[in-house]
2 protein chains.
Amino acid sequence: MLSDLSVREFLDELAGASAAPGGGSAAGLAGGQGAALVSMVCELTIGRKKYADVAAEMQAVLTQARSLQQLLLELMDRDARSYDAVMAAYSLPKGSPEQKAARSAAIQQGLKGATEVPVQTLAACVQVLELAKVAVAKGNINVVSDGGAGVLAAYAGLMTAAINVRINLNAIVDEVFVQEQEAKMRALVSAGQAARDQAWQIVRDKLGLAL
Amino acid sequence: MLSDLSVREFLDELAGASAAPGGGSAAGLAGGQGAALVSMVCELTIGRKKYADVAAEMQAVLTQARSLQQLLLELMDRDARSYDAVMAAYSLPKGSPEQKAARSAAIQQGLKGATEVPVQTLAACVQVLELAKVAVAKGNINVVSDGGAGVLAAYAGLMTAAINVRINLNAIVDEVFVQEQEAKMRALVSAGQAARDQAWQIVRDKLGLAL
């Protein structure tokens, strides 16, 4: 698993001259960082007298953030593997017309599979952004910058997943599939951007940040 | 070093109930991811016949991106350690007026030190964004989504560092220091946002992304 590599090793893998891991795995890690920062805010809110009235809600947010962190690390790994499948299809023989057709079909199949992962990453990042909004609105104000860091990380994950969906769709010929996935992507990006805008406004207000 | 932890362990540390590592370390990792993705684009551009005329420029970008990746991982670690110093100051005795004064001075000193790290992270993220702009403008178009992922990661790093500067400044009483650092932060954020806007526009155009 990529998530078993050290942080340093993972970045070296990312930086290297192979197509995977690439942006898709980066999206998973960014989203996972967002989920972890939401958990941090919850952990430093639950059990404080001043925040007793939101403790139960923060506990529910924490439970969901933990499972999203886990899911996003899995998606980080799955993205690299799904891309390996596309690369394997590209290296199939293309000598005869039959081989060419089989290779094209395998590439198309691989690309469709590889599109599912960033779509799932998108959906997970939307959920992280929704949780981050609650965390920065109701959590311990002393760690609102950590919650804000979570918003920014999850938003990077969201948009990174979106461009990964887009680049795959650009190479897929099945128009019905392309339109379905495009619509799904747009709806998720919209939902994520709305949650991000609300959460970011709260962070700015609480920090007195004029940026 | 935090960067010697596995990706999974680092996120667990981030998620945990201690104030460090927090958003400041997350900024370093996001910036480091951005630098790694810029390197990836360079690696997959250099040596390709189609991109021979930009090979030397991509090599220069690669060299800088590698050293920024290293620097940002160091800043990820230094942020957590500088925050430990602030926490140590908060736990000093405050029984007598002399102790109170010494504790306050130590906290103020710690906070000033802890502000330097995100300011350096800001500056490094601006550099990553400048390199990312070149990478997406001139690099291999097949990996423009990976370059775009680099832009998004480095931008998350930039803004995360900015809110970490802000939350520290909010607790610092030395008005001269606050105004100096605030001005530095604003200038770096402006420069980073300009590079990000230009780079993102290139990514959108090349991908046909209407987001």
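Checking B:Ser104 against (1) in contact with an Asp or Glu (Cβ under 9 Å, 6 or more places away or on another chain); (2) under 28 Å from B:Ala19 (Cα atoms), which test does it fail? If we test B:Ser104 against (1) in contact with an Asp or Glu (Cβ under 9 Å, 6 or more places away or on another chain); (2) under 28 Å from B:Ala19 (Cα atoms), just (1) comes out false. Based on what the data block shows, is B:Arg166 more than 29 Å from A:Val165 (Cβ to Cβ) and facing chain A (nearest Cβ under 9 Å)? Considered against the rule, which asks whether it is more than 29 Å from A:Val165 (Cβ to Cβ) and facing chain A (nearest Cβ under 9 Å), B:Arg166 comes out as yes. Scanning the range B:5-50 for residues that are hydroxyl-bearing (Ser, Thr, Tyr) and either modelled with pLDDT of 95 or more or under 17 Å from B:Glu130 (Cα atoms) (or both) yields B:Ser6, B:Ser25, B:Ser39, B:Thr45.
Restricting the range B:198-209 to residues that are in contact (Cβ under 8 Å) with a residue 40 or more places away in the chain and open to solvent by 20 Å² or more (accessible area, probe 1.4 Å) leaves a set whose member that is nearest to B:Ala149 (Cα to Cα) is B:Trp200.
Scanning for something surrounded by 22 or more Cβ atoms within 10 Å (Cβ to Cβ) and facing chain A (nearest Cβ under 9 Å), does the range B:127-134 turn up at least one residue? No, there is no match, as no residue in the range B:127-134 is surrounded by 22 or more Cβ atoms within 10 Å (Cβ to Cβ) and facing chain A (nearest Cβ under 9 Å). A:Ala35 - would you say it is open to solvent by less than 10 Å² (accessible area, probe 1.4 Å) and farther than 26 Å from B:Leu44 by Cβ? Considered against the rule, which asks whether it is open to solvent by less than 10 Å² (accessible area, probe 1.4 Å) and farther than 26 Å from B:Leu44 by Cβ, A:Ala35 comes out as yes.
Of all residues in the range B:171-197, those being open to solvent by less than 50 Å² (accessible area, probe 1.4 Å) and either over 20 Å from B:Leu72 (Cα atoms) or away from every other protein chain (no Cβ under 12 Å) (or both) number 9. Exactly one residue out of B:Ala156, B:Ala123 is in contact with a helix residue (DSSP H, G or I) (Cβ under 7 Å, 6 or more places away or on another chain), open to solvent by 10 Å² or more (accessible area, probe 1.4 Å) and within 30 Å of A:Ile141 (Cα to Cα), and it is B:Ala123. Checked against (1) within 7 Å of chain A (Cβ to nearest Cβ); (2) more than 13 Å from A:Ala153 (Cβ to Cβ), B:Gln33 passes all but a single condition, namely (2). Considering only the range A:41-48, I want to know if a residue exists there that is open to solvent by less than 10 Å² (accessible area, probe 1.4 Å), within 13 Å of B:Leu14 (Cα to Cα) and more than 7 Å from chain B (Cβ to nearest Cβ). Checked the range A:41-48: at least one residue is open to solvent by less than 10 Å² (accessible area, probe 1.4 Å), within 13 Å of B:Leu14 (Cα to Cα) and more than 7 Å from chain B (Cβ to nearest Cβ). Residue pairs whose Cβ atoms lie under 9 Å apart, sitting 6 or more positions apart in sequence or on different chains, and linking a residue in the range A:109-121 that is basic (Lys, Arg) to a partner that is crowded, with 23+ Cβ neighbours inside 10 Å, are A:Lys112/A:Asn168. Checked against the criterion of being surrounded by fewer than 24 Cβ atoms within 10 Å (Cβ to Cβ) and either part of a helix (DSSP H, G or I) or at pLDDT below 95 (or both), the candidates B:Asn142, B:Asn164, B:Asn168 yield just one match: B:Asn142. Looking across the range B:47-77, the residues that are aliphatic (A, V, I, L, M), touching a residue at least 12 places away in the same chain (Cβ under 8 Å) and over 14 Å from B:Ala137 (Cα atoms) come down to B:Leu62, B:Ala65, B:Leu68, B:Leu71, B:Leu72, B:Leu73, B:Leu75, B:Met76. Counting only helices (runs of 4 or more DSSP H) wholly contained in the range A:7-95, the ones carrying 3 or more residues that are touching a Lys or Arg at 6+ places or on another chain (Cβ under 7 Å) and of a type outside the set (Ser, Thr, Tyr) occupy A:55-90.
Every condition in (1) under 28 Å from B:Leu169 (Cβ atoms); (2) open to solvent by 60 Å² or more (accessible area, probe 1.4 Å); (3) more than 10 Å from chain A (Cβ to nearest Cβ); (4) out of contact with any Lys or Arg (no Cβ under 7 Å at 6 or more places or on another chain) holds for B:Met1 except the one numbered (3). Return the residue satisfying two criteria in turn: it lies in the range A:4-18 and is closer than 18 Å to A:Tyr83 by Cα and facing another protein chain (nearest Cβ under 7 Å), and of such residues it is surrounded by the most Cβ atoms within 10 Å (Cβ to Cβ). This residue is A:Leu14.
The values are calculated or read from the model by the stated rules, or taken from the named source; none is laboratory data. What you are looking at is a predicted structure, and each value in this text was computed from that prediction instead of being measured. No Cβ is skipped: glycine too gets one built from the backbone with ideal geometry, and neighbour counts run over all protein chains shown. Each accessible area value is taken on the protein alone, full model and side chains, heavy atoms only, with ligands, DNA and RNA left out. Shrake-Rupley method; radii C 1.70, N 1.55, O 1.52, S 1.80 Å.
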